[in-house]
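Accompanying notes for the structure given below.
The values are calculated or read from the model by the stated rules, or taken from the named source; none is laboratory data. Computed from a prediction, not measured in an experiment: that's the story for all the values here. Here the Cβ positions follow ideal geometry from the backbone for every residue, glycine too, while neighbour counts run over all protein chains shown.
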Amino acid sequence: MMTDVTTCLICAAPMRYYFTKTYNDLPAALPYAGFSADYHRCDACGFVASKTHQDMSDDAFGALNNAAHAYFEALPLAQRGFNQPPYAEQALALAILGRNGIVDLGRTLDYAAGHGTLAGIMARYFDHHIATYDKYIASDGHDPARPPQPARLVINSAMFEHVTTRAALDALNDLVTSDGVLMLHSVICDRVPADPDWFYLRPIVHCAFHTNASMEVLMQQWGYAASIYAPKAKSWFLFKAGYPDLEHLPAQIAALNTEFQTEMFIYKSGFVDFWKGF
């Protein structure tokens, strides 16, 4: 309901009705024809989430996720549009940071890895073998029934926009060791527009949208001290306060940018607020 006031998953401030998105053009392969979602926005950190998705049962949300991804992955590559992470660029960023000892590729987990595309690229082209886990998708590399183990580098591509509970976010962070790094790929900006036609709302399972302010809050709550952003990989790397080489990180990033003669990585104490708006 438009008058409902909910509680922000990130900072616990009030969230109020923001807009409604109606999916009138869903393919026949997906459930919930004519599905509408009511989005709420946090008064404090700007986090935006679908109350409609949050109110779904786990089974209903899982069925929607599975149907949406099965439909999308069956499309020809030319029809998939913007939605795939930049796997090649992510792999290169990981290889560069790994070679320079900034991340530990020997103790790495790709969480919510889907079919393990990034892990496959890392193994084939960079000879790095990383563990994978996905709660909903079984593959040769992982079994959903086998709990993932903590790692010094946890990779998470395009899950942040799928969460409906705080527990889902905390489960991810709990896998990062106290001296570790969390790599994430999502769309994060200053303000999520109150626009039902905003491009990142197109997938019906995108139901949570983070802001630079909400990510700063998460970093503080979870004990991260600094971050870097890789523009070509469209990925952030968040460094725990216990990361052993934290004081040398700015100089290491500056040296890499000098070596490549471009801004390969951007360092900031706190969260790198790279994207301002769309």
Checked pairs for region 151-175, first under 14 Å from residue 112 (Cα atoms) and acidic (Asp, Glu), second at pLDDT below 95 and assigned to a helix (DSSP H, G or I), C-beta under 9 Å and 6 or more apart or across chains, list as 161/200
Given the conditions (1) more than 17 Å from residue 194 (Cβ to Cβ); (2) at pLDDT below 95; (3) of a type in the set (A, V, I, L, M), every one holds for residue 37 apart from (1)
When every residue in region 213-223 that is among the small types (Gly, Ala, Ser) and over 15 Å from the mean Cα position of the chain (by Cα) is compared, the one farthest from residue 44 (Cα to Cα) is 223
Within region 209-239, residues of a type in the set (D, E, K, R) and within 22 Å of residue 162 (Cα to Cα) come out as 216, 234
Before we move on, is residue 226 in a loop (DSSP other than H, G, I, E, B), among the hydrophobic types (A, V, I, L, M, F, W, C) and within 30 Å of residue 42 (Cβ to Cβ)?
-> no
Of the candidates 181, 192, the one satisfying the condition of being surrounded by 20 or more Cβ atoms within 10 Å (Cβ to Cβ), β-branched (Val, Ile, Thr), modelled with pLDDT of 95 or more and over 30 Å from residue 51 (Cα atoms) is 181
Has region 133-149 got any residue that is of a type in the set (Lys, Arg) and at pLDDT 95 or above? no
Within region 149-207, the residues that are among the charged types (D, E, K, R), more than 10 Å from the chain's Cα centre (by Cα) and outside any strand (DSSP E or B) are 166, 170, 174, 190, 191, 195, 197, 202
If we keep only residues of region 35-57 that are assigned to a loop (DSSP other than H, G, I, E, B), more than 18 Å from the chain's Cα centre (by Cα) and of a type outside the set (A, V, I, L, M), then the residue surrounded by the most Cβ atoms within 10 Å (Cβ to Cβ) is 35
Screening 210, 162, 185 for residues that are more than 16 Å from residue 47 (Cα to Cα) and not polar (S, T, N, Q) leaves only 185
